[in-house]
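Q: Dropping the structure in here first, questions after.
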Amino acid sequence: MPKEIAFKYLRFYEDKATLMHHFFFPLNLKELKDFRVRGIKNNNLLVDDDFQARDERRLEFFIQRKFNELKTLLDKKPAIYLHSGLNIPLIGLVEVGIIDRGTNVIEIRPVTGCNLKCPFCSVSPEKRERNFIIEPEFLVEKLKALIQIKTKNTKIFINSQGEPLLYAPLAYLIKGMKIQDKIDSINIVTNGTLLTENKLEELKRAGLDTLYVSLHTLDKKKAKKLSGSIDINPERILSNILYAKEQGIKVVLTPVVIFGENEKDIEKLARFCAEKGLKIAPQNYLRYKFGEKNYQQRDFDYFYNWLNNLKQDIGEKAFQLPLSIEEDNAPPNPFIKGKVEKIPIVLPGFFKHEGIGSLYGRLVSIINGEGKKTAKARIIRTKHNIIAAKCLN
Ligand code: SF4
């Protein structure tokens, strides 16, 4: 009788295997015959009944190699799975991993990619060459080591450069982080389109404290325009937001204000928040180097003038106070700006011609480092332990 074996984050199908639901690699059952796999049942593998630990190791090795063919289901872009077997750090990049800017806030970016294509996006996930996803246990292990140096309780912000709800084990990750000492609160920044009542219950049980939802209008037609022609349902997002509140999750709406486009919509959203006991924190649209530049940005004097008028009109109560951020220890920065270093390249990068290196316990984004084994590179950025370099060879 063949027996069933399961891999925690993998599901098997006739022609592919999926990793954490949103990623896949092609797989033909015939390829698995040599590994004593006889079929698929319940999306797990059926193997010979005398399948041994030795066979399992061979099979795991084969599957690890298949990760080289990993792709994103959403946009079919290549994807990279960062797991403990790679023996790499998770600090150093801005797009994925852990960011510690020397305060009581740590940013966690477990996945890249987004289900929307907002024409004002500050990070434009669509323009990236590939996506990244991190094994939750690996992230928790690295976070655990990092918080040892903190003297204050730490707020965790899961603020992917993309949509964090595309990370299937999000609740599992939250749970793993919440049980660590010195973790004060867990916060997620999301576009809200993938929220469901079940998901919210699961996130609450895992330990989620606050949900920051980037909803920019209540008008369905405008919402479609502001999502890059993707149909979204603001009514459904609102109903899930209210459900989150009922569950005891604090909700803050974080609409982006694009003057001339949606400031009136945000006034409506602010009134809704005042009425329902929710908080709102409008953000001024800014044009970023790697972001979308389809609108004109207004300066902060203009923005704050508009915001203060709105506060006077509706009342301060609905507006979220700025986050209290305090300085705290951060890991020392091992790099010197301007210095040339020999950096082993361990992964391809997010952008064309970029390679990702690993040195002194940091990941390093290296311009023109793609395809090289080692880059002789000049360090061009070190701030907040986000390291960038330019390849010279
Ligand atoms: S603004 Fe947010 S939701 Fe919109 S495309 Fe960018 S990451 Fe996705």
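The values are calculated or read from the model by the stated rules, or taken from the named source; none is laboratory data. What you are looking at is a predicted structure, and each value in this text was computed from that prediction instead of being measured. Note that each Cβ is placed from the backbone with ideal geometry, even for glycine, and that neighbours are counted across all protein chains shown.
Q: Is it true that residue 106 is within 23 Å of residue 144 (Cα to Cα), in contact with a Lys or Arg (Cβ under 7 Å, 6 or more places away or on another chain) and either within 16 Å of the ligand (Cβ to nearest atom) or not in a helix (DSSP H, G or I) (or both)?
A: Here the answer is no, as residue 106 does not meet what is asked.
Q: Okay, moving on. If you scan the stretch 358-379, which residues turn out to be within 14 Å of residue 93 (Cβ to Cβ) and touching a Lys or Arg at 6+ places or on another chain (Cβ under 9 Å)?
A: Answer for the stretch 358-379, where residues must be within 14 Å of residue 93 (Cβ to Cβ) and touching a Lys or Arg at 6+ places or on another chain (Cβ under 9 Å): 359, 365, 366, 367, 369.
Q: Test residue 88 against the stated conditions and say whether it is under 29 Å from residue 343 (Cβ atoms), in a strand (DSSP E or B) and not aromatic (Phe, Trp, Tyr).
A: no
Q: Right, here's the next one. Restricting attention to the stretch 211-232, report how many residues are farther than 20 Å from residue 263 by Cα and away from the ligand (no atom under 16 Å from the Cβ).
A: Adding up the residues that qualify gives 0.
Q: Assuming residue 236 fulfils every condition listed in (1) in contact (Cβ under 8 Å) with a residue 24 or more places away in the chain; (2) out of contact with any Ser or Thr (no Cβ under 6 Å at 6 or more places or on another chain); (3) more than 17 Å from residue 252 (Cβ to Cβ) apart from one, which condition is it?
A: Going through (1) in contact (Cβ under 8 Å) with a residue 24 or more places away in the chain; (2) out of contact with any Ser or Thr (no Cβ under 6 Å at 6 or more places or on another chain); (3) more than 17 Å from residue 252 (Cβ to Cβ) one by one, residue 236 breaks only (1).
Q: Moving on. Restricting attention to the stretch 342-357, which residues are basic (Lys, Arg) and in contact (Cβ under 8 Å) with a residue 40 or more places away in the chain?
A: 352
Q: Quick check, is residue 20 of a type outside the set (Phe, Trp, Tyr) and touching a residue at least 60 places away in the same chain (Cβ under 8 Å)?
A: yes
Q: Of the residues that sit in the stretch 233-251 and are surrounded by fewer than 20 Cβ atoms within 10 Å (Cβ to Cβ) and outside any helix (DSSP H, G or I), which one is nearest to the ligand (Cβ to nearest atom)?
A: Only one residue tops the list, namely 233.
Q: Determine which member of the set 266, 280 is aliphatic (A, V, I, L, M), more than 17 Å from residue 199 (Cα to Cα), within 16 Å of the ligand (Cβ to nearest atom) and assigned by TED's automatic domain parsing to the domain that holds residue 312.
A: Exactly one residue qualifies, and that residue is 266.
Q: Here's a follow-up. How about the stretch 252-263: which of its residues are of a type outside the set (A, V, I, L, M) and within 16 Å of the ligand (Cβ to nearest atom)?
A: 254, 255, 261, 262
Q: What strands (runs of 3 or more DSSP E) lie completely within the stretch 1-56 and have 2 or more residues being more than 30 Å from residue 165 (Cβ to Cβ)?
A: Here the list reads 37-41, 44-47.
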